[in-house]
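The values are calculated or read from the model by the stated rules, or taken from the named source; none is laboratory data. These figures come from a predicted structure and were not determined experimentally. Here the Cβ is made from the backbone with ideal geometry for all residues, glycine too, and neighbour counts use every protein chain on show. Please note that ligands, DNA and RNA were not included when accessible areas were found on the heavy atoms of the full protein model with its side chains. Shrake-Rupley method; radii C 1.70, N 1.55, O 1.52, S 1.80 Å.
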Amino acid sequence: MLPFPTRRVREGKAIILIPDVEVDEPTKAPVFYNPRMKMNRDSAILAVSALHRRYGRPLTLCEPMCGTGVRGIRLALEAEGVGEVVMGDLNPLAVELAERNINLNGVSNHVRVRLLEANLLLSLHDRPYGRFDYVDVDPFGSPIPFIDSAIRSCRDGGLLALTATDMPPLCGLYPEVCLRRYGGLPLRTDYCHEVALRLLAGSLVREAARHDVAATPLFSYAADHYIRLYALLEEGARKADKRLGELGYLLHCPNCLHRAASHEYPSSRICPRCGSKMMLGGPLWLGSLSDPDFCSEMLHLTRGRIGLDSRLPRIIRLSMEEAELPPTFYHIDVVCSRLGLSSLPTELVVSALREAGYRASRTHIHGRGVKTEASITELEEVLRGIEYER
C-alpha cells in the first residue's frame, strides 16, 4: 500500500498514476514525475523508433532511473520494435508505483522494474548478450556519474541518451564545477547552451574512448531547463581515436564577437581582430551535434503522430539544417545593436547570407540565432547591406 494518494494522468498513449500531493517542485514528491519533460520523452520514442528502422529487429531498452515508469511504459506502447524494457530505481516507492503503472497499461509481458541503484543495474548488464540496444540516462542534475556504466551496458551499435539539467555550471555561472564534472571550461556567451551540448558530447566521447568505443552524436538539442544528447556507440579503437580527433577548443572575443575553433590548445588568446583577450572554452566536441540522416528519419516519424510536443518537429528540422555548419551562432539583435542598426528578421538575415555565398541556417537553440560559416566581419557587411537596401 502506497503511503500517499495518487491520481491518473495521460501522457501519450500511457495512463500513469502519479503522487497526488502538493509540492514546490517535482523532486520533492515521494516519486518523481515531471510533466515539463514530456518533450524529452517524446524525442526518446522517435529516436528508438529510428534505431529500430536502422536494425529491423526487436530492441532491448533500459531506463535505470524510472520514477513513475512513464518513459519506459511509453516506449513500450509507442516506439517501434521494442522487445524488452528494463527499468530501475533506488526508491522502493517508485518501484511499487512503476509496477502498478506497468500493470495498468498492460505491458507487464515485456516491461519490468528492479529495485536497484542505477550504476549497479547498468553494470549487471556489462556482459556478452546481456547489453542493451538503448540506454536512457535522465537524472536530476548531471548524467556524468552514470556515463561509464551506461557505456559498458550498451552493445556495439547501440544508442545512448543523456539528459543534463545542471545548466548553471554548463553555461558558465560556475566554471570550476563544469571543469570538475565535464572536464572542460564553459563559455558565458549568447550561445552558451550550444557550448553546454558540446561539453556533454566531449565528456561522453572521452569516456567512451577509454573503453575503445566511439561515441557519435546522432541528435541533440537544448530546450527549457535541460540539454539532451543521443549518441551512437561503436566498438573500435580506430573509430574512438577518430572521434577524439574532433575534440578541441573555442575562443570567443567579448569585445568584437570574433570566435574561432581549434583542435589544438591555442598558443595565443589575443583576438586577431581587435587585440582583446579572448575567452577560452573546452576541451569540447567540435564535430556535428546531429546526423542529418538520423534526424530525417525522426522527422518522418513525427508525421501523423498525435500528442507530440509541437516544438519537436521544428527542433529536429533545424538540427538537420545546423548539422554541417561550424560551431557557435550569432545573436542577430546583439550584432545589430553593436552596429547601431535596427533589428532585422532572422529569416531575412539567413537569406541574405546565402545570397552572399555563405552557408547559413537558423538555430533551434535561440529564435534570434543565426549559424553561419561567415566571420563576424562578413556578417556585419551583410547586415549593413540589408539595412542599406531597406
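Sorted by accessible area with a 1.4 angstrom probe, largest first, how do 373, 324, 22 fall? Could the numbers behind the result be given before it?
Numbers: 373 80, 324 115, 22 190 Å².
The ordering from most to least exposed comes out as 22, 324, 373.
Among the lysines, which fall within straight-line cross-link reach of residue 371, defined as a Cα-Cα distance under 27 Å, with same-chain neighbours fewer than 8 residues apart omitted?
242, 277
Do you know the relative contact order of the chain, to the nearest whole percent, from alpha carbon pairs under 8 angstrom that are 6+ apart? Walk me through the numbers on the way to the answer.
On the way: 806 pairs, mean separation 42.4, N = 390.
Over the chain, the number comes to 11 percent.
Calculate the length of the line joining the C-alpha centroid of the range 62-120 to that of the range 324-380, in whole Å.
44
Please compute one quarter of the surface area of the Cα convex hull for the range 151-217 and express it in square nanometres.
On the way: hull surface 18.0 nm².
It is 4.5 nm².
Between the range 197-249 and the range 1-36, what is the C-alpha centre distance in whole Å?
Answer, in whole Å: 33.
Lysines within cross-link reach of residue 38: Cα-Cα under 26 Å, excluding same-chain residues under 8 positions apart?
13, 28
Pop out the ³J(HN,Hα) list for the range 57-72 in order, Karplus 6.51 cos²θ - 1.76 cosθ + 1.60 with θ = phi - 60°, rounded to Hz; leave Gly and Pro as x.
9, x, 10, 9, 10, 9, 10, x, 10, 8, x, 6, x, 4, 5, x
Please compute the alpha carbon radius of gyration of the range 240-390, then divide it by the globular-protein estimate 2.2 N^0.38 Å. Two decimals is fine. Don't skip to the answer; put the middle values down first.
Numbers: Rg = 17.3 Å, N = 151, 2.2 N^0.38 = 14.8 Å.
Normalised by 2.2 N^0.38 Å, the Cα Rg of the range 240-390 equals 1.17.
Determine how large the accessible area of residue 32 is when every protein chain is in place; take a 1.4 Å probe and give Å² rounded to the nearest 10.
It works out to around 90 Å².
Return the calculated 222 nm mean residue ellipticity for the chain, to the nearest 500 deg cm²/dmol, obtained by summing -39500 (n - 2.57) across DSSP H runs with n ≥ 4 and dividing by the residue count. Could the numbers behind the result be given before it?
Working: 14 runs with 147 residues, N = 390.
Per the formula, -11000 deg cm²/dmol.
Going by amide H atoms built from the backbone, whose H comes under 5 Å of the H on residue 114, apart from near neighbours?
Placed amide hydrogens put 87, 88, 89 under 5 Å from residue 114.
Give the Cα extents of the range 112-201 along the principal axes, in whole Å, largest first.
Computed over the Cα atoms, the extents are 45, 27, 20 Å.
What are the ³J(HN,Hα) couplings of the range 198-215, residue after residue, when phi is run through the Karplus curve with 6.51, -1.76, 1.60 and θ = phi - 60°? Round to Hz, x for glycine and proline.
Running phi through 6.51 cos²θ - 1.76 cosθ + 1.60 with θ = phi - 60° gives 5, 5, 5, 4, x, 4, 5, 4, 5, 5, 5, 4, 4, 9, 6, 10, 9, 10 Hz.
For the range 340-382, what is the charge dipole size about the Cα centre, in debye to the nearest 20, if Lys and Arg each add +1 at the Cβ and Asp and Glu each add -1 at the Cβ?
Working: 5 positive and 6 negative charges, 50 e Å.
Around 240 debye, computed over the range 340-382.
Report Rg (one decimal) and Dmax (nearest whole number) for the range 1-133, counting Cα atoms only, units Å.
In Å, with Rg to one decimal and Dmax whole: 14.5, 45.
Heavy atoms only, probe 1.4 angstrom, no DNA, RNA or ligands counted: give me 33, 182 ranked by accessible area, highest first. It would help to have the intermediate numbers written out before the result.
Values: 33 35, 182 0 Å².
Most to least solvent-accessible, the answer reads 33, 182.
Enumerate the amide H contacts of residue 59 below 5 Å, restricted to partners 5 or more residues apart or on another chain; note that Pro and chain-start residues carry no placed amide H.
The list, which skips near neighbours in sequence, is 82, 83, 84.
Which residues' amide hydrogens lie under 5 Å from the amide hydrogen of residue 219, considering only partners 5 or more residues apart or on another chain, with H built in the peptide plane?
It is 230, 291, by chain and number.
Could you work out what % of the accessible surface of the range 102-192 is carbon and sulfur, using a 1.4 angstrom probe and leaving DNA, RNA and ligands out of the count?
Taking all protein chains in place, the range 102-192 shows 54 percent carbon and sulfur surface.
If you project the alpha carbons of the range 148-274 onto the principal axes, what extent comes out on each, in Å, largest first?
Sorted largest first, the three principal extents are 49, 33, 24 Å.
Give the whole-number value, in cubic angstrom per residue, of the convex hull volume spanned by the C-alpha atoms of the range 301-378. Before the final figure, lay out the partial values.
Working: hull volume 8.3 nm³, N = 78.
In the range 301-378, the Cα hull volume divided by residue count equals 107 Å³.
Classify the range 77-143 as rounded, prolate or oblate from the Cα gyration tensor: take a ≥ b ≥ c as the square roots of its eigenvalues, call it rounded if a/c is under 1.5, otherwise prolate when a/b beats b/c and oblate if not. Walk me through the numbers on the way to the answer.
On the way: a/c = 1.59, a/b = 1.11, b/c = 1.44.
Oblate is the answer for the range 77-143, as a/c is 1.5 or above yet b/c matches or exceeds a/b.
How large is the dipole of the range 159-241 about the Cα centre if only Lys and Arg carry +1 and Asp and Glu carry -1, each at its Cβ, rounded to the nearest 20 debye? List each step's numbers first, then the result.
Numbers: 9 positive and 10 negative charges, 26 e Å.
Dipole size: approximately 120 debye.
Step through the residues of the range 134-151 one at a time and calculate ³J(HN,Hα) from phi using the Karplus curve (6.51 cos²θ - 1.76 cosθ + 1.60, θ = phi - 60°), rounding each to whole Hz and writing x for Gly and Pro.
With the stated coefficients, the range 134-151 comes to 8, 10, 10, 9, 10, x, 8, x, 9, x, 3, x, 10, 5, 4, 5, 5, 4 Hz.
How large is log10 I(q)/I(0) at q = 0.08, 0.12 Å⁻¹ when the Debye formula is applied to the Cα atoms of the range 54-209, each weighted equally and without solvent?
Cα-only, vacuum Debye calculation for the range 54-209: -0.25, -0.55.
Distances over 15 Å make up what percent of all Cα-Cα pairs in the range 232-325?
Working: 3094 of 4371 pairs.
Of all Cα-Cα pairs in the range 232-325, 71 percent lie more than 15 Å apart.
Considering every pair of different Cα atoms, what Kirkwood radius, in Å, is found for the chain?
On the way: mean 1/r = 0.0455 Å⁻¹.
Kirkwood hydrodynamic radius for the chain: 22.0 Å.
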